[in-house]
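The values are calculated or read from the model by the stated rules, or taken from the named source; none is laboratory data. Remember, it's a predicted structure, so these values are computed and weren't measured experimentally. Heads up, the Cβs are rebuilt from the backbone with ideal geometry, glycines too, and the neighbour counts pull from every protein chain shown. Just so you know, the surface numbers come from the protein's heavy atoms only, side chains and all, with ligands and any DNA or RNA stripped out. Shrake-Rupley method; radii C 1.70, N 1.55, O 1.52, S 1.80 Å.
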Amino acid sequence: MTTWFAPPFRKFLRWPHSPILALIGAAVALLAAPLRASDRESFDFDWRFVSGDTAGAEVPGFDDASWRKLAVPHDWSIEGPFDAQAPAGGPGGYLPTGIGWYRKHFQVPAAMKGRVVTIQFDGVYMNSDVWINGKLLGHRPFGYITFRYDLTPYLNYGGTPNVLAVRVDTSRQPSSRWYAGSGIDRNVWMLTSDPLRIVEDGIVVTTPETAPSAVVRVRTQVINGRPQAARIELRQSISGEDGPLPETTTTTSLQAGSHAELESALAVPHPRLWSPDHPSLYVLHSEVWSDGHRVDSADTTIGIRSLDYDVDRGFRLNGEPTKMFGLCLHQDAGPLGSAVPAAILESRLRDLKAMGCNAIRTSHNPPDPVLLDLCDRLGLLVMDEAFDEWTQRKPQISYGYSDFFAAWSQRDLQDFIRRDRNHPSVVLWSAGNEVGEQLMPAGPSVLKPLVDTFHREDPTRPVTSAMDNVYTDHGRAPTAFTDLLDIVGYNYADRWLARRETYMADDRVAFPQRRFVGTEDAGTYVIRGTYPFGSAPPGTPERALYAAQDVRIEQLWKFALTHDYDIGHFMWTGFDYLGESRWPEISATCGALDFCGFRKDAFYLYQSIFTHAPMLHLLPHWNWAERAGQVIPVLAYTNCDVVELFLNGRSLGAKAREFPREGNLGAWNTYPHPQVLPTTADLHLQWDVPYAAGELRAVGYRGGEKVCEEVVRTAGAATALSIAPDRLDVNADGRDALRIEIRIVDAHGVTVPTAADAITVAIDGPAKLLGIGNGDPANHESFQASHHLAFNGLCLAIIGTTRQAGTVRVTVSAPGLAPATAVLRSQAVPMPLEPFTAIP
């Protein structure tokens, strides 16, 4: 069994709470630069940007005074406009692409001379070229990979300025099957260290023993970049909620220019094990000492846990059977595009947790490191995916990773694994998604080097590949391909013929030693708040099409939950995402939440399957004046045994569900619990209700006791706006952000489910509007404007802070409706003194 760990803490997350201590510490560190341990400073602010290719922009003396000033992460594509003729087309959400330039001017203190200075980009989409003071540092085509360049040989010190220039090229389109954005869309860091230092991503942590006591094994790569040999001590200790644990010391000598990998082992008595329910974290402190001075240090968060993938019993975490209730995620966040603040990512992940999701798949690329940090902290299992293409082009696009695979795949894969292998949340690697090679004779020869690299860089986690042709009506994928995988990933296991009913069961018989995971499965493909009626198939009587959307999902999960060997499934998708669409739609609609993060009915369907705490959700809304007297199917998603439905106080009867159905225990016709006597084999309940305006009320029971209630009312005419920030206190750090939900309500505060009023957002105080949207896939209004139509009663504003503290008033208004205001408190936070002075 294996256990895996950890990302480095973000400096802005671990800065001291006391402002005075923070400032004193920063000042002392700056003055003591030559003896200071490694620093990791944000390099996100004070960039200049221009759209379009600009000759000579890499030259230090180039005049960029007219360029736009901004902070990264930044995605220029999301700024629009939407255009049916955009080169990116439907895959790119009909948004613009092209070429853009970023430049940043900064000074390096003279005291920094002699230290190693490295720039790190967490991701630049795509085809980036980076220069420092006119010197080309390198080119990186893959838009999702973290990469670094050594700036040390080319820097100016003291008062002489430096210029960092980045060219980003997304002009060859379409290059992705989904919206990918354009620009420096993830964080940038400046890393400084002594030449005698720990190698970046050079700490590898495992725990081969976790209970009753854990043994933490650490491999640490140290390099001596000094001109003379050095005797070093590597001191390491672990701290957690219960305080620090004893330190261990490893010593060695390093010749000039050489490196070594040092091994150590630390004991953690009675560890708090990491899991989705209890994501306990520790910190591994590593320090390099030489000649009595601490010359380098690094903190690595640690989540102690064990993994076991059993052929018969499925996935076990810390020895406990754990079914993966998974969702697939693309990186965009609707109106924000691909540049997503950490606070918004956290909000979205918390929504998935509330739904009962315990696992995500990073479809189909390495994610933002911030997302993995959050998964570690919040407790989400991660299938970490590398590529959407290998050597074969996907038919939906004209350009793609296959253009770079031969030259870059091994380097990108190595960097990807080394960056992510210490995260406790990462429990499974995916080498690729629906690659054409899975059915090709040459496929195994492409897959094997990838699997070998995974196993070399991380022998503790299994490797899968998301296969959409494991089985087809023409037969099975070659075993020469599937046998190379530690776990075989099934995309849409129920897609083919009788597999609609049998799923993986046939292959379980044919390949009894195979391990199975559902890497991608069908979502609901509906638009939030929309309930279509029509004939399906053509020629049949009219019916509510929304009432038939659930069976495929329910049948899948009934299979998964009654077959232990089924590790779990990753549903397509957690959120609607931009791209993979057909005009006039700009987004795919398969999420459990829309691209603004508003919950769709599917959210509650999954919640009814994934969670145990009593819940009950009714659909559709109850504003159907045009269908008075006509039958409206009313559905209940619930994990209660029995639900009784009332219309305007009159009972429409009780319905019951039971899963899994209770069998005999001890003797024939003897049951451990009172029988439910279900009225359906589905996992939802349904009533056919002739429409009459008023109130639907549902009451849920367990064991005969009332445990929850849900009410849906007919809304009257819209009279006002309602505003609901997800919190009122924010940080004045220029990074924080929050979601503000805007609802159109009637005189009684009931949301008007058909309203589409034009809403305007006004901000007074130190904050800015980052994006606005409504979740409508066919709406083409700008995400950057201060006004937007509501969609089915809802609209979303995303507010970002500045680096100035103060009171922020957000007011929303619409013609003919009473406005609403929220008052936010943007609070000053300690900001570290940056050794690199930006030049505005």
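Of all residues in region 378-395, which are over 13 Å from the mean Cα position of the chain (by Cα) and more than 19 Å from residue 440 (Cα to Cα)? Steps first, please.
Keep residues of region 378-395 that are over 13 Å from the mean Cα position of the chain (by Cα), which gives 386-395.
Result: 386, single match.
When both residues are 6+ apart or on different chains and their Cβ atoms are under 7 Å apart, which pairs have a first residue that lies in region 812-840 and is loosely packed, with under 14 Cβ neighbours inside 10 Å, and a second that is assigned to a loop (DSSP other than H, G, I, E, B) and of a type in the set (S, T, N, Q)?
Listed by first residue and then by second, the contacts come to 818/719.
Assess whether residue 581 counts as being open to solvent by 10 Å² or more (accessible area, probe 1.4 Å) and either over 24 Å from residue 360 (Cβ atoms) or in contact (Cβ under 8 Å) with a residue 60 or more places away in the chain (or both).
Details: open to solvent by 10 Å² or more (accessible area, probe 1.4 Å): yes; either over 24 Å from residue 360 (Cβ atoms) or in contact (Cβ under 8 Å) with a residue 60 or more places away in the chain (or both): yes.
Here the answer is yes, as residue 581 does meet what is asked.
Quick check on residue 662: is it open to solvent by 20 Å² or more (accessible area, probe 1.4 Å), under 30 Å from residue 88 (Cα atoms) and either outside any loop (DSSP other than H, G, I, E, B) or of a type outside the set (Val, Ile, Thr) (or both)? Please lay out each step first, then the result.
Numbers: open to solvent by 20 Å² or more (accessible area, probe 1.4 Å): yes; under 30 Å from residue 88 (Cα atoms): no; either outside any loop (DSSP other than H, G, I, E, B) or of a type outside the set (Val, Ile, Thr) (or both): yes.
Criteria not met by residue 662.
Right, residue 211: buried (at least 23 other Cβ atoms within 10 Å of the Cβ) and either part of a strand (DSSP E or B) or not acidic (Asp, Glu) (or both) or not? First the steps, then the outcome.
Numbers: buried (at least 23 other Cβ atoms within 10 Å of the Cβ): no; either part of a strand (DSSP E or B) or not acidic (Asp, Glu) (or both): yes.
So residue 211 fails the test.
Being of a type in the set (D, E, K, R) and in contact (Cβ under 8 Å) with a residue 40 or more places away in the chain is the filter here, so list the residues in region 328-351 that pass it.
Keep residues of region 328-351 that are of a type in the set (D, E, K, R), which gives 332, 346, 348, 350-351.
Across region 328-351, the qualifying residues are 332, 348, 351.
For region 229-260, how many residues meet the condition of being assigned to a strand (DSSP E or B) and open to solvent by 90 Å² or more (accessible area, probe 1.4 Å)? Write out each step before concluding.
Going through region 229-260, the residues assigned to a strand (DSSP E or B) turn out to be 230-240, 243-244, 248-254, 259-260.
Restricting the remaining residues to those that are open to solvent by 90 Å² or more (accessible area, probe 1.4 Å) gives 231, 244, 259.
Residues that pass the stated criteria total 3.
Please state which one of 133, 162, 156 is open to solvent by less than 10 Å² (accessible area, probe 1.4 Å), of a type in the set (S, T, N, Q) and farther than 30 Å from residue 781 by Cβ. Spell out how you get there, then give the answer.
Working: 133 fails: open to solvent by less than 10 Å² (accessible area, probe 1.4 Å); 156 fails: open to solvent by less than 10 Å² (accessible area, probe 1.4 Å).
On inspection, the qualifying residue turns out to be 162.
Among 718, 747, 732, which is the only one that is farther than 17 Å from residue 335 by Cα, buried (at least 21 other Cβ atoms within 10 Å of the Cβ) and out of contact with any Asp or Glu (no Cβ under 7 Å at 6 or more places or on another chain)? Give the derivation first.
Details: 718 fails: out of contact with any Asp or Glu (no Cβ under 7 Å at 6 or more places or on another chain); 747 fails: buried (at least 21 other Cβ atoms within 10 Å of the Cβ).
Among 718, 747, 732, only 732 is farther than 17 Å from residue 335 by Cα, buried (at least 21 other Cβ atoms within 10 Å of the Cβ) and out of contact with any Asp or Glu (no Cβ under 7 Å at 6 or more places or on another chain).
The rows are residues; the columns are (1) open to solvent by 20 Å² or more (accessible area, probe 1.4 Å); (2) under 17 Å from residue 680 (Cα atoms); (3) in a strand (DSSP E or B); (4) of a type in the set (S, T, N, Q).
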residue: 605; (1), (2), (3), (4): no, yes, no, no
residue: 629; (1), (2), (3), (4): yes, no, no, no
residue: 636; (1), (2), (3), (4): no, yes, yes, no
residue: 644; (1), (2), (3), (4): yes, yes, yes, no
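Do the conditions hold for residue 587, that is, is it modelled with pLDDT of 95 or more, more than 30 Å from residue 316 (Cα to Cα), out of contact with any Pro (no Cβ under 6 Å at 6 or more places or on another chain) and of a type in the set (S, T, N, Q)?
It is false that residue 587 is modelled with pLDDT of 95 or more, more than 30 Å from residue 316 (Cα to Cα), out of contact with any Pro (no Cβ under 6 Å at 6 or more places or on another chain) and of a type in the set (S, T, N, Q).
Run residue 778 past the list (1) in contact (Cβ under 8 Å) with a residue 40 or more places away in the chain; (2) among the small types (Gly, Ala, Ser); (3) touching a strand residue (DSSP E or B) at 6+ places or on another chain (Cβ under 8 Å) and report the number of the one that doesn't hold.
Here residue 778 clears every test but (3).
If we keep just the residues of region 607-627 that are in a loop (DSSP other than H, G, I, E, B) and under 19 Å from residue 557 (Cβ atoms), which is least open to solvent (accessible area, probe 1.4 Å)?
It comes out as 615.
Condition check ((1) surrounded by 18 or more Cβ atoms within 10 Å (Cβ to Cβ); (2) farther than 24 Å from residue 364 by Cα; (3) under 28 Å from the mean Cα position of the chain (by Cα)) across all residues:
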| site | (1), (2), (3) |
| --- | --- |
| 486 | no, no, yes |
| 496 | no, no, no |
| 500 | no, yes, no |
| 507 | yes, yes, no |
| 526 | yes, no, yes |
| 529 | yes, yes, yes |
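Look at residue 739 and say whether it is over 30 Å from the mean Cα position of the chain (by Cα), surrounded by 15 or more Cβ atoms within 10 Å (Cβ to Cβ) and among the basic types (Lys, Arg).
No: the conditions fail for residue 739.
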